[in-house]
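No lab work stands behind these numbers, since they all come straight from the coordinates. What you see is a predicted model; the values in this text were computed from it and never measured. In this analysis, Cβ positions are derived from the backbone assuming ideal geometry, glycine residues included, and neighbour counts consider all displayed protein chains.
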Amino acid sequence: MCGIVGYIGEKQAVPILMKGLAKLEYRGYDSAGIAVISDREIAIHKTTGKLENLARKIKGMTIPGTIGIGHTRWATHGGVTDLNAHPHASCKRDLVVIHNGIIENYQELKEDLLAKGHVFQSETDTEVIAHLIEQEFDTLPTLSTGNPLTEAVRRALSQVEGGYAIVVLHRNRPDTIVAARMHNPLIIGLGKGENLVASDIPALLDYTKVVCDLENGQMAEISKNSVRISNLQGKEQPLVTRTITWDVAQAEKGGYPHFLIKEIHETPAVLRDVLRNKIRRGSINPQPLGLEGLDLRKINKITLLGCGSAAYACLYGKYLLEKWTRITTEVQVGSEFRYHQPIIDGSTLVIALSQSGETADTLASIELAKKAKPMRTIGVINAIGSSMTRQVDQVCLLQAGPEISVASTKAFSSMIVSLALMALHIGKVRGVQTDDSFLSEINRLPELTSKVLEQEHEIARIATYYIHHQDAYYIGRDVNYPSALEGSQKLKELSYIHAEAYPAGELKHGPNAVIYDHFPIICLVPEGHVYKKMISNIQEMKARKASILSFATEGDTRIAAHSDHVVFLPRTSEEISVMVNTLAMQLFAYYVTLYKGYSIDQPRSLQKYFPKPGEITAPPKSIDIDKPRNLAKSVTVE
Ligand code: F6R
């Protein structure tokens, strides 16, 4: 995920670009850059680090120009270096491009361009676009109508596979910005005597409230007084506008009331990016999984490391790795493992999971594991440039984009998808797993998860029945046991309801004792090989007068008879039902919390709500705060 902004008008572009980038920094903050045209020359300034580094770099400089573009980067292809920062220029520096997305066939395109004599400055996929447009612009026949830059961009994009939002400037067309979109967001802001383009609305709101959302496959030719929309085939399209009624604070959350619900809603798009990056032309690509160059037949043991939700993702990984690879797989919680004497040798693969890449216990565990000289350490990480990315041998990026809310949602979903793909790939290479049905089903995840989001209203309605409870159990079997753990984690950390998860068969070994009338039990009961066992467990709980909320498969005609409430979710394989259930449980936890009147997004100490020792007070019924208590997004201390 990267942030894009462009401006054309009467005002000086640089302050507008910098202000816009500040609003988009949540989309990426490992490098930033701007390019501005003045006197038919393009000035490019870029640097690694946060936007403040770029601000420091250009402080005191005079960078004139009323047309310019800016970018804040979340690296995917190529390390975090000045050269890899955007904008990227063509060989002659006649044109510059900024890009958000992934060009899947960039290797092939790059080889072809290199053979034609193009010289590359960076390791990014984006730079091929600059050279492709240059090639098309320079060889374009004289057009009777239309703008040659728009036509060159169109021709270049016809050769590109993958996802993009791009914005292009050419020094000989200082009257035009060309933008195009495929799968990555791009919004045009229509002002008076000025127009803007950006990845997200907050970057536009200071200048206009009238916007046009570019659709997939559309291009825009933007001048200071006009915006022309066309498709990738060159056909003119209507300019469809809407007026934004949100204020700036709401806009940063994409119009959602909280980052948490915004991030939950980003899941289908995140999973689409993850799958596009990790599955190439129908086969799993070992390179972005961190598995390339490893003799997978020589692995004797896999150690999975993580904390909190990441550890639950590890447990899901263990189920699939053992099933599909038959390699003994252990899950170790960072805070425990670091004081262990690990059993690791040169045939052990160590995989550590972390959204932040900064969790102290996970970092210490990797350090300890490395001392035992494992075969390889792989970090499954969201935050590029984090300590963990530098610590491990190979990185598998989660590509979830910045996760602002303390409770992990979209990054967790990407973790479990990434581990499933690793398990399948290793199993295939070892000849243990030959069935391709999982791969075709996992490609449906963006569609399946979008269908879960369509149930939001129903989940919110059901949530209202659970807000007065103090306790809850989550139960599941097989791969849906880790999913139950994650569901209970979301409920407790957001709503402060005491929630525990158990393998469904375990309740009778102790936890049953706690159950009282209407005790809520959330049951993960998709159709599959443990369905009947789950029904038996549910009946046992019903007999003890528990309230049953089932997350079940659409079309299941039996489950309602055993449940007080049912959320019907799309039919899929058991392994993938975990991803579907996870999303539904995130929505459930969000709405329970919302209706309890508690806060949702960020950490804050709640000391004042705790009674003094020895002082008996009723727990507060409704705590009117704006952040969950006692939690930090990234736990950098032991
Ligand atoms: C739960 C949550 C935490 C984190 C844990 C590890 O919603 O966010 O349990 O999963 O603190 O954090 P990372 O993944 O950053 O290592």
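Figures for the structure shown
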{"item": "Rounded Å value of the spacing that divides the Cα centres of region 69-98 and region 205-219", "result": "23"}
{"item": "Most to least packed among 352-365, 324-337, 416-429 [average Cβ atoms within 10 Å]", "result": "352-365, 416-429, 324-337"}
{"item": "Rule-of-thumb Rg ratio for region 3-252 [Cα; 2.2 N^0.38 Å; N residues]", "result": "0.92"}
{"item": "Over 15 Å [Cα-Cα, region 370-439], rounded percent", "result": "63"}
{"item": "Cut-off under 5 Å, modelled amide H: who pairs with GLU527 long-range", "result": "THR553"}
{"item": "Angle in degrees between helix 480-495 and the longest Cα principal axis of the chain, rounded to the nearest 10", "result": "80"}
{"item": "Beta bridges per DSSP with both ends in the chain, % antiparallel, nearest 5", "result": "60"}
{"item": "In region 520-606, the trypsin sites (Lys or Arg not before Pro) that fall in loop regions by DSSP, at most 16 other Cβ within 10 Å", "result": "ARG544, LYS545, ARG558, ARG571"}
{"item": "Principal-axis tilt of helix 574-596 within the chain, Cα atoms, nearest 10 degrees", "result": "90"}
{"item": "Vicinal HN-Hα couplings computed from phi for region 224-235 (Karplus, 6.51 cos²θ - 1.76 cosθ + 1.60; Hz; Gly/Pro x)", "result": "6, 10, 8, 9, 10, 9, 9, 9, 5, 8, x, 7"}
{"item": "For region 1-146, convex hull volume per residue from C-alpha positions, Å³", "result": "121"}
{"item": "Cα-derived Rg to Rh of region 1-65, Kirkwood definition", "result": "0.94"}
{"item": "Estimated translational D of region 256-443 in µm²/s (Stokes, Kirkwood radius over Cα pairs; 20 °C; 1.002 mPa s)", "result": "131"}
{"item": "Packing-based exposure ordering (other Cβ within 10 Å, fewest first) of ASP138, ASP112, ASP200", "result": "ASP138, ASP112, ASP200"}
{"item": "Counting DSSP beta bridges with both ends in region 258-402, the antiparallel % (nearest 5)", "result": "10"}
{"item": "Helical mean residue ellipticity (222 nm; -39500 (n - 2.57) per DSSP H run of 4+; nearest 500) of the chain", "result": "-10000 deg cm²/dmol"}
{"item": "For region 349-506, projected area of the alpha-carbon convex hull averaged over all directions, nm²", "result": "11.9"}
{"item": "Paramagnetic label zone (point 7 Å from Cα along Cα-to-C-beta, VAL432; backbone N under 20 Å) in region 263-295", "result": "284-287, 289-295"}
{"item": "For the chain, average projected area of the Cα convex hull in nm²", "result": "30.9"}
